[in-house]
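Report on one structure; see the data block that follows.
The values are calculated or read from the model by the stated rules, or taken from the named source; none is laboratory data. Remember, predicted model here, so these are calculated numbers, not experimental data. Reconstructed Cβ throughout: ideal geometry from the backbone, glycine too, with neighbour counts over all protein chains shown. Heads up: the accessible areas ignore ligands, DNA and RNA and are worked out on the full protein's heavy atoms, side chains in. Shrake-Rupley method; radii C 1.70, N 1.55, O 1.52, S 1.80 Å.
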Amino acid sequence: MTWLKNTRNRTKLFFAIMGPGVITAFADNDAGGIATYASAGANYGYAMLFTLFISSICLAIAQEISARTGAVTGRGLSDLIRELFGVKWTLFAMTVLLVANIGTTASEFSGIATSFEIFGVSKYISVPLAAVLIWWLVLKANYERIEKIFLVLCVTFLSYIISGVIIDPPWTEVLKASVTPTFASNASFLMLAIGVIGTTITPWGQFYIQSAVSDKGITAKDYKYTFWDVMVGAFFTWLIAFFIIVATAATLHVNGISIETVGDAAIALQPLAGKYASMLFSFGLLGASMLAAFILPLSTAYAVCEAFGFEHGISKSYEEAPVFFGLYTALIAIGAGLVLWPDLSLYSIMLASQVVNGVLLPPILIFMVLIASDKNVMGSYANSPWFNVIAWVFTAVLIVLTLMLLVSTIAPGWWNSAMTFLGL
Amino acid sequence: MNEAKALKTFYFSQMLGKPIYDSERRQIGRIKDMAVRWDGLYPQVVGIKYARKVHMLIPIEQVQECNEQGMQLAGTFTPEQCIQLHDSDIYISKWLLDKQIIDLRGSRMVRANDITLSWMMQDGHMRMILVAVDIGLRGLFRRLGLEFLLKNRAHNLLGLQYIKPLESWTSSLQLTREKKQLRELHPADIADLLEEMDYKSRASFIENLDAQQAIEALTEVDLETQVEIFEQMDRQKASDLLEEMPPDEAADILGELSVEKSEDLLQLMEAEDAAEVRELMQYEEGTAGALMTTEFIAFPAALTAQEAINRLRELAPTAEMIYYVFVVDETEHLQGVLSLRELIIAYPQTVLQDIMHTKVESVREDDNHRRVAEVINKYSLIAVPVVDEENVILGIVTVDDILDILIPERGDRETYPWFAMSKMVGRGR
């Protein structure tokens with residue numbers, strides 16, 4: 001029975017490394033994530049490290065809530081929203097999810113376009129091809145294997161850690177910056193701060209991890225393993241983002257280079273890879289973008305169909321599940337279409353979609369916290385009062401930040417005088 | 001029942017939140033929910049919940065009229081008239097509306113978008129009856145106040161006799177009815193439903209199936225779901241089911257559980273069944289040995305056709321495949337084979353020795369699945385016997401088992417891509 005034991009050991013190892021928490025963590029650092037972190041590092045040096053630190057803690061809290069709800073109820077988030085809040089709130093939540101995910105899908109296609117542009121391939125060729133390829137592969141091919149390839153490509157981003165170490169930035173300054181609250185009230189800082197939060201904690205990530213946990217058949221009993229999986233995942237998200245910001249700050253910000261395209265973020269990899277930096281970067285970006293472009297449209301279609309009771313699943317035929325396939329196709333088409341819009345810069349699509357995600361996150365968080373503190377649903381696994389306080393404070397902070405962003409964008413003059421008045 | 005006559009039908013969503021007045025035109029409250037009891041033929045509304053946090057119900061007998069404007073009570077309202085929720089009663093809004101239910105007609109999971117209620121005159125009494133569940137798009141739009149957009153679309157109503165709620169809330173009488181309806185479902189359909197359910201619903205659903213059906217359905221479920229189900233099941237029940245399942249399936253499942261868990265279940269199983277399963281678990285994944293089942297029909301060569309048919313009658317209920325009858329000597333060496341057809345059309349007194357084919361296509365226990373598939377395909381077999389180096393028959397691999405490997409159901413990989421990669425799909429499947 002040795003082969004049996006071997007399989008089991010391998011399975012255990014596999015589970016240990018590849019739980020839903022860790023996978024979501026890798027997906028969080030997608031094309032939009034890289035763009036946002038690189039921009040944060042290049043424009044504000046180490047100042048954004050504090051925002052990142054806080055948002056990573058919040059990520060751990062949010063993912064923990066979703067994973068726990070998934071394990072205890074065995075249900076997806078959209079399913080629970082429908083059962084507990086009725087049709088109208090479900091429509092609201094699904095609209096939020098759709099808008100956020102169309103934005104994110106567009107940012108993934110921007111990532112694909114960017115990585116091909118580094119090799120001189122026009123986006124008018126790469127994006128339509130990638131869209132058709134993804135659409136076809138997900139529906140027709142054995143994607144398990146293909147996906148492993150993309151995940152391996154993502155590991156390229158670990159090279160930011162090595163690069164960061166080689167650059168050897170002033171570590172005391174860096175560490176001090178990560179825990180010192182830094183804040184500026186102008187619109188561009190706010191926007192980037194919300195972008196950083198929006199890219200670490202995504203609305204789709206919450207839906208995804210909950211379904212992942214329940215679909216894997218993890219029960220309340222096994223939840224303790226998933227808890228650590230989630231924590232390790234949140235740590236990885238922070239680690240990679242931290243080094244991207246540090247590396248870009250030390251190379252770009254220090255020398256006063258601003259980022260025009262995401263490709264410029266490759267400069268931060270030069271200490272490690274020299275002239276191969278762009279190539280390394282483009283492989284990583286392609287992997288991350290393809291991986292997320294694979295999962296996003298599909299998981300969105302699942303969530304929406306689950307909530308409204310439409311037939312779903314890729315094993316169904318088009319006649320059986322028209323809404324499911326229609327939505328899936330539309331998401332890819334719109335996402336890719338936005339990227340092909342002639343005058344839009346790829347970089348701004350990526351940044352904008354992260355801000356949209358950040359703005360749309362609070363409503364989803366409110367649903368999550370309400371569900372997780374409902375004793376009828378969660379029984380003894382419901383949020384404790386203290387935990388609830390933390391969760392609500394975090395949600396409130398995000399709402400305030402969003403409102404501040406709206407005001408400072410719509411009426412900058414009024415905003416500045418208000419800030420002077422308050423002495424900020 | 002023959003007296004029942006529908007007077008007026010309306011949608012529950014249209015009544016929800018409407019005001020309730022008593023005979024003095026005082027507003028008592030709003031329709032928050034309705035309690036339904038299902039102990040007769042139809043589920044009847046027994047009471048109206050009229051305010052949040054008030055757990056007393058206005059009895060249905062008090063209701064005089066119910067229309068788009070609201071609900072009119074017959075007399076003056078006093079809280080003392082209210083009744084309490086009975087143990088077997090359910091709230092429509094809280095427990096049925098927006099929930100997932102099983103559509104027994106289409107054998108799939110659907111969502112209750114709305115509920116139709118009907119005033120009926122039965123034996124001289126007015127009764128409010130729950131008639132059907134709206135599972136269509138039109139019901140969904142009605143809830144959003146947008147029904148006018150779909151005026152021309154047909155209603156998609158599911159009669160109450162065709163629904164099965166995931167959580168059992170019906171009286172024992174209705175449970176018997178449900179069980180009867182479930183029996184009509186094909187095991188493969190039940191398997192699909194099981195794969196879609198969350199783990200809590202699964203447990204209660206399996207409880208509702210009779211033992212034979214549960215086994216057949218579990219055999220059809222994909223390995224991943226099988227493992228989940230057995231991991232969560234009570235150990236006594238799990239071992240009982242494993243005893244009854246085809247040993248090759250049981251071996252597959254046990255091979256995926258943790259060592260402690262599978263040892264524990266094997267200990268609980270009857271020694272003979274456990275031994276058979278243990279033996280199968282030793283074969284390397286993807287080989288004929290791992291694929292085969294040990295439930296086959298083998299008779300001695302001296303048996304007459306008549307005797308063979310009689311013995312077959314006793315064995316058939318448990319054997320997986322009876323279309324091939326293998327002929328063996330006293331030490332289980334494979335000597336020949338004959339089909340069920342040949343056995344039946346033979347004269348009753350003929351001995352098997354005389355009608356069997358002595359050239360038997362077989363595979364070895366360590367042959368891989370490709371070789372097994374080739375043999376089955378080349379000789380157009382329904383099953384191929386598996387033998388060891390001394391030509392002792394160990395089991396058979398049926399064409400179903402090999403098809404499962406060659407053409408995995410798309411449904412097996414239905415879950416989101418990232419989930420799939422974190423699940424080890426066991427035994428090379």
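Things worth noting here:
- The residues of the stretch A:281-424 have, on average, 42 Å² of accessible surface per residue, using a 1.4 Å probe with all protein chains present.
- Taking every residue in B:96-104 and counting other chain Cβ atoms within 10 Å of its Cβ, the average works out to 3.
- Evaluated over chain A, the Cα radius of gyration and Dmax, each in Å: 21.1, 76
- Relative contact order of the stretch B:18-129, pairs being alpha-carbon contacts under 8 Å that are 6 or more residues apart, as %: 24
- Bridging of residue B:179 to aspartates and glutamates at a Cα separation below 18 Å is possible for B:39, B:103, B:167, B:189, B:192, B:207, B:210, B:216, once same-chain residues fewer than 8 apart are set aside.
- Treating each Cα of the protein assembly as shown as one equal point scatterer and applying the Debye formula with no solvent, the log10 of I(q)/I(0) at q = 0.09, 0.10 Å⁻¹ comes out as -1.01, -1.15.
- Reciprocal mean inverse distance between Cα atoms of chain B - Kirkwood radius, Å: 25.8
- Per residue, the convex hull spanned by the Cα atoms of the stretch B:99-138 amounts to 82 cubic angstrom.
- For residues of B:195-206, the mean tally of beta carbons on other chains within 10 Å: 3
- Between residue B:28 and B:20, B:21, B:22, the built amide H atoms are under 5 Å apart, and every one of these is 5 or more places off in sequence or on another chain.
- Extension gain for residue A:384 to residue A:275 (0.36 nm times residue separation, less C-alpha to C-alpha distance): 33.9 nm.
- Association of chains B and A removes close to 4800 square angstrom of accessible area from solvent, both sides included, for a probe radius of 1.4 Å.
- Ordering B:246-256, B:228-238, B:395-405 by mean Cβ neighbour count within 10 Å, with the highest value first, yields B:246-256, B:395-405, B:228-238.
- Filtered chymotrypsin sites (Phe, Trp or Tyr not before Pro), the stretch B:38-127: DSSP coil and at most 15 other beta carbons within 10 Å: none
- Over chain A, Cα pairs under 8 Å with separation of 6+ residues give a relative contact order of 36 percent.
- Which listed pairs, of A:216/B:32; B:53/B:237; A:221/B:99; A:88/A:316; A:221/A:316, have C-alpha distances above 31 Å, in listed order: A:216/B:32; B:53/B:237; A:221/A:316
- Gaussian network model of chain B, springs between alpha carbon atoms under 10 Å - residue of B:53, B:179, B:261 with greatest fluctuation: B:53
- Packing, as the average of other Cβ atoms within 10 Å across residues, places the peptides B:56-65, B:340-349, A:68-77 in the order A:68-77, B:56-65, B:340-349, highest first.
- Distance distribution note for the stretch B:255-368: the fraction of Cα pairs above 21 angstrom is 48%.
- The loop-placed trypsin sites (Lys or Arg not before Pro) in the stretch B:87-152, going by DSSP, that have at most 11 neighbouring Cβ atoms within 10 Å of their Cβ come out as B:151.
- Number of partner chain Cβ atoms within 10 Å, mean per residue of A:305-317: 5
- A Förster radius of 60 Å combined with the Cβ-Cβ distance from residue B:52 to residue A:171 puts the calculated FRET efficiency at roughly 0.55.
- Over the protein assembly as shown, dividing the summed -39,500 (n - 2.57) contributions of all DSSP H runs of at least 4 residues by the number of residues returns a 222 nm mean residue ellipticity of -18000 deg cm²/dmol.
- Relative contact order (percent, whole number), chain B, Cα cutoff 8 Å, 6+ residue spacing: 10
- The lysines whose alpha-carbon is closer than 30 Å to the alpha-carbon of residue A:123, local same-chain residues fewer than 8 away aside, are A:140, A:148, A:275.
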